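Asker: Let me give you the structure first, and then I'll get to my questions.
The values are calculated or read from the model by the stated rules, or taken from the named source; none is laboratory data. These numbers were taken from a predicted model, which means no experiment stands behind them. Please note: Cβ atoms are built from the backbone with ideal geometry, for glycine as well, and neighbour counts cover all protein chains shown.
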Amino acid sequence: MGCCCLKNQKTLPTHKLDENTKNTSMIPLKSSTNPTSPIALDLQNTIKESKKRELTDVYNIKKVIGQGSFGFVRKGQHKNHPDLIVAIKSIDKSKIKNELRLLKREVTILQSIDHPNIIKLYETFDDAKYFHIVMEFCSGGELFEKIIELGGKINEKKTAVYMKKILRAVNHLHEVGVCHRDLKPENFVFENDSPDAELKIIDFGLSNKFGSKFKHIVKMESFVGTPYYIAPEVIKGDYGPKCDIWSVGVIMYVMLTGHVPFPGDTQVKIFKNIMKAKLKLENPIWDTISDAAKDLLKRLLVANPHQRLSAAEALNHHWFNDPSKQKLALDPNIILALRSYKPKSQMQRAALGIIVKYLSVDQIKDLRQAFYDIDVNQKGELNIHEIDEALNKCGINLPKTQLSELFRNLDYNGAGVINYSEFLSATLSSKIQLDEHMLWMAFKVFDKEDQGFITVDNIHEIMNKMGKHVTKDQVREILNEVDLQHDGVICFDEFKKMLSGAKI
């Protein structure tokens with residue numbers, strides 16, 4: 001169930017195989033999770049819902065824009081910031097008693113990823129009947145719909161543009177240890193209707209964490225996904241993140257031809273053809289497709305995942321080399337903002353991290369492009385060498401000690417890399433001025449109980465949610481830096497003074 005729309009399949013039978021489907025039967029098996037089990041109780045700790053504020057206290061609820069087996073998606077409008085339109089995924093709790101662990105995992109994964117080509121999670125709510133997940137609203141429609149709109153296929157040049165966005169997002173997911181497991185054209189949406197709109201991955205309901213980074217599984221076994229897009233190793237029941245790369249290869253094939261590479265009129269026939277993995281590129285439709293595109297497809301749709309390209313390797317394929325495309329110089333104002341970023345307090349950094357999540361597409365368009373330009377490795381995060389190179393391109397050569405200090409200022413989470421939101425926070429001042437609406441909305445993200453002030457518990461919850469794990473004692477010190485009245489809380493005036501006119 002995606003965040004923007006939950007539409008019935010238009011032409012292809014793409015029945016989704018769920019987490020509990022075994023590769024020996026094709027039949028979903030129900031688990032015996034009890035809603036009062038530790039998993040269900042832990043879900044309450046994972047989803048940072050407000051106990052006092054209801055969804056309708058914060059958002060005006062608009063029309064239903066999608067429907068699924070467990071709930072529906074509605075359009076919403078933030079009451080304090082009417083320009084903010086969101087997608088609200090409402091899941092009927094009575095229908096997910098056996099799937100609570102999957103909901104927990106979906107929310108946890110959405111909280112942990114941060115990339116311009118991946119849907120943003122804003123917040124969650126829990127009421128008597130539903131879990132509500134509030135996410136970024138994308139008005140441009142699905143990639144599937146774009147293929148239909150353009151006559152059933154997309155020209156090679158435009159396909160290359162979309163493929164680069166797709167692979168950037170997948171590369172980031174794999175870099176942070178997340179495997180999507182259900183990539184298909186219906187799970188990519190355009191942020192708006194503009195010709196250069198970003199393409200974003202949605203629907204992380206079947207996603208999973210993997211690898212030593214999470215002290216988690218290295219391989220996966222669950223038979224999940226959508227039949228036409230499933231990799232051979234998923235059918236075998238022993239696979240890793242490169243199952244996503246196979247799905248990306250199928251998507252590329254569909255964009256270029258309007259057909260799936262391994263068809264069949266039953267699931268058994270589809271899976272049989274997938275297992276054979278005989279890629280046919282002799283049809284006349286391929287006469288107009290470049291050899292480079294065909295070469296990339298052959299390297300993505302390899303039956304043996306060990307011989308299949310990774311997302312990083314695919315991004316470096318020569319098909320993406322466009323000699324006619326001029327690379328724009330980095331905006332020196334953005335780089336200067338990056339260099340001079342010196343937040344006054346931990347609280348200011350956290351507040352900026354909240355604000356950048358709610359900025360409009362137009363407000364961050366130039367900053368997003370600068371992030372792409374600096375991100376030479378295309379991992380969706382910046383290392384110290386990439387920051388140094390960006391500074392050098394603008395004539396700024398810092399000694400190692402100053403460069404290290406700058407990098408520490410930028411790296412709020414102490415992860416050793418600069419994520420997308422950290423970059424936006426640091427460069428925000430080069431493009432926009434914070435207004436009263438932005439400040440108030442950020443304040444209300446902290447003040448979830450509508451008390452009119454921010455408490456130690458509020459800050460502790462938000463910082464942990466942002467990946468900054470701090471103790472209550474550390475939070476008290478953070479609050480004291482901003483608490484000018486020394487009353488143990490932060491009021492809006494104090495919050496505003498912390499951010500207004502600050503050199504951010």
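Asker: If a residue counts only when it is at pLDDT 90 or above and either farther than 24 Å from Gly414 by Cβ or in contact with a Cys (Cβ under 8 Å, 6 or more places away or on another chain) (or both), which helices (runs of 4 or more DSSP H) contained entirely in the stretch 424-502 have at least 3 such residues? Full working, then the answer.
Answerer: Working: elements: 436-446, 456-465, 472-482, 492-499.
Because the criterion is at least 3 residues that are at pLDDT 90 or above and either farther than 24 Å from Gly414 by Cβ or in contact with a Cys (Cβ under 8 Å, 6 or more places away or on another chain) (or both), the helices (runs of 4 or more DSSP H) in the stretch 424-502 that meet it are 492-499.
Asker: Restricted to the stretch 222-254, and to residues that are acidic (Asp, Glu) and either more than 21 Å from Val268 (Cα to Cα) or touching a residue at least 24 places away in the same chain (Cβ under 8 Å) (or both), which residue is surrounded by the most Cβ atoms within 10 Å (Cβ to Cβ)?
Answerer: Initial filter on the stretch 222-254 (acidic (Asp, Glu)): 233, 238, 244.
Cutting the leftovers down to either more than 21 Å from Val268 (Cα to Cα) or touching a residue at least 24 places away in the same chain (Cβ under 8 Å) (or both) gives us 233, 244.
On the way: Glu233: 21, Asp244: 30.
So the residue we want is Asp244.
One line per residue, one yes/no per condition, for (1) without any contact (Cβ under 8 Å) to a residue 12 or more places away in the chain; (2) loosely packed, with under 15 Cβ neighbours inside 10 Å; (3) among the hydrophobic types (A, V, I, L, M, F, W, C); (4) assigned by TED's automatic domain parsing to the domain that holds Glu422:
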| site | (1), (2), (3), (4) |
| --- | --- |
| Gly66 | no, no, no, no |
| Gly71 | no, no, no, no |
| Arg74 | no, no, no, no |
| Asn80 | no, yes, no, no |
| Ser90 | no, no, no, no |
| Lys97 | no, no, no, no |
| Leu102 | no, no, yes, no |
| Gln111 | no, no, no, no |
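Asker: Here is a follow-up. Restricting the search to the stretch 264-276, which residues are surrounded by 11 or more Cβ atoms within 10 Å (Cβ to Cβ) and part of a loop (DSSP other than H, G, I, E, B)?
Answerer: Scanning the stretch 264-276 gives a single hit, Gly264.
Asker: Take the stretch 182-208 and flag every residue that is buried (at least 22 other Cβ atoms within 10 Å of the Cβ), touching a strand residue (DSSP E or B) at 6+ places or on another chain (Cβ under 8 Å) and charged (D, E, K, R).
Answerer: Asp182, Glu186, Lys200 - these are the residues of the stretch 182-208 that are buried (at least 22 other Cβ atoms within 10 Å of the Cβ), touching a strand residue (DSSP E or B) at 6+ places or on another chain (Cβ under 8 Å) and charged (D, E, K, R).
Asker: On to the next question. Which residues, counting only those in the stretch 376-395, are without any contact (Cβ under 8 Å) to a residue 40 or more places away in the chain and either of a type in the set (Lys, Arg) or closer than 15 Å to Gly416 by Cβ (or both)?
Answerer: Of everything in the stretch 376-395, those that are without any contact (Cβ under 8 Å) to a residue 40 or more places away in the chain and either of a type in the set (Lys, Arg) or closer than 15 Å to Gly416 by Cβ (or both) turn out to be Asn383, Ile384, His385, Glu386, Asp388.
Per-residue answers, yes or no, for (1) among the small types (Gly, Ala, Ser); (2) farther than 20 Å from Gly380 by Cα; (3) out of contact with any Leu (no Cβ under 8 Å at 6 or more places or on another chain); (4) in contact (Cβ under 8 Å) with a residue 40 or more places away in the chain:
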site: Asp126; (1), (2), (3), (4): no, yes, yes, yes
site: Gly140; (1), (2), (3), (4): yes, yes, yes, yes
site: Gly152; (1), (2), (3), (4): yes, yes, yes, yes
site: Lys157; (1), (2), (3), (4): no, yes, yes, no
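Asker: Which of (1) in contact (Cβ under 8 Å) with a residue 40 or more places away in the chain; (2) part of a loop (DSSP other than H, G, I, E, B); (3) within 20 Å of Ile364 (Cα to Cα) does Asp203 not meet, given it meets every other one?
Answerer: (3)
Asker: So Asn316 ticks every box in (1) at pLDDT 90 or above; (2) touching a helix residue (DSSP H, G or I) at 6+ places or on another chain (Cβ under 9 Å) but one. Which box is left unticked?
Answerer: Among (1) at pLDDT 90 or above; (2) touching a helix residue (DSSP H, G or I) at 6+ places or on another chain (Cβ under 9 Å), the lone unmet condition for Asn316 is (2).
Asker: While we're looking at this one, here's another question. Being at pLDDT below 95 and within 30 Å of Phe446 (Cα to Cα) narrows it down to one residue among Leu281, Leu352; which is it?
Answerer: On the way: Leu281 fails: within 30 Å of Phe446 (Cα to Cα).
Residue meeting the stated conditions: Leu352.
Asker: Is it the case that some residue within the stretch 397-415 is in contact (Cβ under 8 Å) with a residue 60 or more places away in the chain, more than 20 Å from Lys342 (Cβ to Cβ) and assigned to a loop (DSSP other than H, G, I, E, B)? Talk me through it step by step, then tell me what you get.
Answerer: Step one: list which residues in the stretch 397-415 are in contact (Cβ under 8 Å) with a residue 60 or more places away in the chain, which gives 406, 409-410, 412.
The next check asks that each one be more than 20 Å from Lys342 (Cβ to Cβ); those that pass are none.
Among the residues of the stretch 397-415, not one is in contact (Cβ under 8 Å) with a residue 60 or more places away in the chain, more than 20 Å from Lys342 (Cβ to Cβ) and assigned to a loop (DSSP other than H, G, I, E, B), which makes the answer no.
Asker: So which residues in the stretch 489-504 are over 26 Å from Ala337 (Cβ atoms) and either basic (Lys, Arg) or touching a Ser or Thr at 6+ places or on another chain (Cβ under 8 Å) (or both), if there are any at all?
Answerer: Val489
Asker: Turning to a different aspect of this structure: Please state which one of Glu156, Glu142 is under 20 Å from the mean Cα position of the chain (by Cα) and of a type in the set (Asp, Glu). Outline the logic, then answer.
Answerer: Details: Glu156 fails: under 20 Å from the mean Cα position of the chain (by Cα).
Matching residue, one of Glu156, Glu142: Glu142.
Asker: Restricting the stretch 208-239 to residues that are over 20 Å from the mean Cα position of the chain (by Cα) and part of a strand (DSSP E or B), which is modelled with the highest pLDDT?
Answerer: Among them, the one singled out is Tyr239.
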